[in-house]
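The values are calculated or read from the model by the stated rules, or taken from the named source; none is laboratory data. This one's a predicted model, so the numbers in the text were calculated from it and none came from an experiment. Using ideal geometry, Cβ is built from the backbone for each residue, glycine included, and neighbour counts are taken over all protein chains shown. Keep in mind that these areas ignore ligands, DNA and RNA; they rest on the heavy atoms of the full protein, side chains included. Shrake-Rupley method; radii C 1.70, N 1.55, O 1.52, S 1.80 Å.
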Amino acid sequence: QVQLVESGGGLVQAGGSLRLSCAASGGTFSRYVMGWFRQAPGKEREFVAFISGGGGITRSADSVKGRFTISRDNAKNTAYLQMNSLKPEDTAVYYCAAAPTLTQRLSAYDYWGQGTQVTVSS
């Protein structure tokens, strides 16, 4: 059983930056693909980015490409999402999740954190 805890959310002005962290415990962290997802009010949860277990493969949604960077530190059992050039439309609850395979499908992610709120003001 893997437990995931996100941190680093908050309120930021448009154009600003935040770095989200996702601390994992209870499993072999490097075996899991780590993904970030987000859910805005009234909308479905959507894929943001994923990173392979070793960190060599990443993929991001078109809406965040060039602005957000996913990374991980397996020695610290932590995944990160660096968010730059934030826009009001990035406002959402951000979730990290762990999956056994590389995928953007929410249903394939077995473990989820509780989420952290990111609010971008205009």
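³J(HN,Hα) across segment 35-41 via Karplus (A = 6.51, B = -1.76, C = 1.60, θ = phi - 60°), whole Hz, x for Gly/Pro?
Taking θ as phi minus 60°, the curve returns x, 10, 10, 9, 9, 8, x Hz for segment 35-41.
Name the long-range amide H neighbours of Arg59: under 5 Å, sequence gap of 5 or more, or other chain; modelled H, no Pro or chain starts.
Hits under the 5 Å cutoff: Phe50.
What does the charge count around Val12 come to, taking other residues whose C-beta lies under 14 Å from its C-beta (Lys +1, Arg +1, Asp -1, Glu -1)? Working shown, then result.
Details: positive: Arg19, Arg67, Lys87; negative: Glu89, Asp90.
Overall, the nearby charge balance is +1.
Apply the Karplus parameterisation 6.51 cos²θ - 1.76 cosθ + 1.60, with θ equal to phi minus 60°, to every residue of segment 100-109 and state each ³J(HN,Hα) to the nearest whole Hz, in sequence, with x for glycine and proline.
x, 9, 6, 6, 9, 6, 4, 5, 7, 8
Quick one: which residues, 5+ away or cross-chain, put their amide H under 5 Å from the amide H of Arg72? H built at 1.01 Å from N.
Result for Arg72 returns Tyr80.
Using only Cα atoms, what Kirkwood radius does the chain have, in angstroms? Show your work: numbers first, answer last.
Details: mean 1/r = 0.0711 Å⁻¹.
Value: 14.1 Å, from the Cα pair sum.
Report in % the part of the accessible area of segment 1-83 that belongs to carbon and sulfur, leaving out ligands and nucleic acids; probe 1.4 Å.
It is 45 percent, rounded to a whole number.
Just to confirm, what accessible area per residue do you get for the chain at 1.4 Å probe, in whole Å²?
Accessible area per residue, the chain: 50 Å².
In whole Å, what is the distance between the alpha-carbon centres of segment 60-96 and segment 1-16?
Answer, in whole Å: 9.
Separation between the Arg67 and Leu106 pseudo-spin-labels, each 7 Å from Cα along Cα→Cβ, expressed in nm?
Going by the 7 Å Cα→Cβ label model, 2.1 nm.
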